[in-house]
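Written out below as structure tokens is the structure these notes cover.
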Amino acid sequence: MEVERVQLIASFCASDEGAMPPEFIRSDHEQPCLTTFLGPAPAIPVIDLAAFDGPEVTRAIAEASREWGIFQVVGHGVPEEAMRELQRAGREFFEELPQEEKEKYARKEAGGGAPASGGQEGYGTKLQRELEGKKAWVDFLFHYIAPPSKVNHRIWPVLPGTDYRKITEEYTKYVVDLVDRMLTELSKGLELEDQALKEAVGADSLNLNLKINYYPPCPRPDVALRVVAHTDMSAMTILVPNDVPGLQILKDDRWINVDYVPNAIIVHIGDQIEILSNGIYKSVLHRSTVSKDKVRMSWPVFCSPPGDSVIGPLQQVVNEDNPPKYKAKMFKEYAYCKINKLPQ
């Protein structure tokens, strides 16, 4: 079955005076023009990891995770050069590689599967089922970057001007360290042992999945979405954006914009951390809007437990005043239900 790539649809729309396929027009309750809050809104927390250490940074991360489910970090230890090279490689794949070359890395668009569930890797367009049959304005490239046993370099693109493997492996080294620190700080924020959350999500078997999102210009940014509203099924997501705004979160029942902070990395709390903390930390509901004349890209790394890991509220955070709010289940079962919009 031939798949219509959004990048190609966008090129057609640009040449046809703003034509917009109806399947990309969201329902009224989703359209950004009708649902984005335009008044003054608080900015999501920005935490400088290099400015302070110890209890102060733990408190800041824990508070942001309780109240927001998302925060930005600077002073994170990931060199600017590593982030720039990661972005350069992603742009080259989408904007310089001929379409027939990109299709050599195509994933199966049907049959389920998604990054966090260990599903099909590769170049794609449709990620999960949408109940209203609508489509998101995005193409993507997805593959594992850790642990080494899960990495399949045949999925990693060979680019004419860039050593994709070298760049991605360099970035992975820094991301692994950042994930370890975030899990440690989140554990301490729950007054647990430093390694409690890391052990609960698989320790060194934690799956790290890189997804490069490509959102081309859209003729109707008022009615389309790059990514529909969702929480991440992962434990945590570490995201590098480009400088084109578009990320929105639901805060106090209002969709508000997330400001772009140069060289910052965005940290999303995912469903599995919410479950393990028994709801103390919140998995953030977010979506992505589109631009009429600019390309937005993002590089999320989804940090997910192995499929057979059983995830439920940690005993240390459960008591008479805070009984279990979630049912323990294998992560692969949770992911299957999430992808297919089935009850958990």
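So the values come out like this:
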| read-out | value |
| --- | --- |
| Cα centroid separation, the stretch 5-81 to the stretch 270-319 (Å) | 14 Å |
| Å² per residue, accessible surface of the stretch 153-287 at 1.4 Å | 36 Å² |
| Using a Förster distance of 35 Å, the FRET efficiency for Gln316-Gln99 (Cβ separation, nearest 0.05) | 0.10 |
| Within a Gaussian network of the chain (alpha carbon springs, distance under 10 Å), most fluctuating of Glu23, Glu101, Glu320 | Glu320 |
| More than 18 Å apart - percent of Cα-Cα pairs taken over the stretch 176-225 | 51 percent |
| Shape call, the stretch 239-280: gyration tensor on alpha carbons, a/c limit 1.5 | oblate |
| Accessible-area composition of the stretch 218-298, carbon plus sulfur, in percent [1.4 Å probe] | 47 percent |
| Val46 - accessible surface, heavy atoms, 1.4 Å probe, Å² rounded to 10 | 80 Å² |
| The chain - charge dipole about Cα centre, Lys and Arg +1 at Cβ, Asp and Glu -1, debye rounded to 20 | 740 debye |
| Compactness of the stretch 123-235, expressed as Rg and Dmax over alpha-carbon positions, Å | 17.5, 51 |
| Accessible surface, 1.4 Å probe, highest first, among residues Tyr123, Tyr174, Tyr260 | Tyr260, Tyr174, Tyr123 |
| Asp53 accessible area, 1.4 Å probe, all protein chains in place, Å² to nearest 10 | 110 Å² |
| The stretch 190-283: projected area of the alpha-carbon convex hull, averaged over directions, in nm² | 7.8 nm² |
| The stretch 241-344 shape via C-alpha gyration tensor axes, a/c threshold 1.5 | prolate |
| Choice from Ser283, Ser291, Ser149 with maximal GNM fluctuation in the chain (Cα, 10 Å cutoff) | Ser149 |
| The stretch 41-91 - percent relative contact order, Cα under 8 Å, separation 6 or more | 43 percent |
| Cα gyration tensor category, rounded, prolate or oblate, for the stretch 1-99 with a/c compared to 1.5 | oblate |
| Mean projection area, nm², convex hull over Cα of the chain | 17.2 nm² |
| The chain - percent relative contact order, Cα under 8 Å, separation 6 or more | 22 percent |
| Top of Gln315, Gln31, Gln195 by mean-square fluctuation, Gaussian network on the chain, Cα under 10 Å | Gln315 |
| GluC sites (Glu not before Pro) lying in DSSP loop within the stretch 144-196, provided at most 11 other Cβ fall within 10 Å | Glu191 |
| Rough spin-label spacing in nm, given labels placed 7 Å along Cα→Cβ, for Ile25 and Asp222 | 1.2 nm |
| Segment His153-Asp293, extension gain: residue separation times 0.36 nm, minus the distance between their alpha carbons | 47.0 nm |
| Helix axis angle, 6-15 relative to the chain longest principal axis, alpha carbon, degrees | 40 degrees |
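The values are calculated or read from the model by the stated rules, or taken from the named source; none is laboratory data. None of the values given here were measured: they were computed from a predicted structure. Positions of Cβ are backbone-derived with ideal geometry, glycine not excepted, and every protein chain shown enters the neighbour counts. Side chains are part of the model used for accessible areas, which takes the heavy atoms of the whole protein and leaves out ligands, DNA and RNA. Shrake-Rupley method; radii C 1.70, N 1.55, O 1.52, S 1.80 Å.
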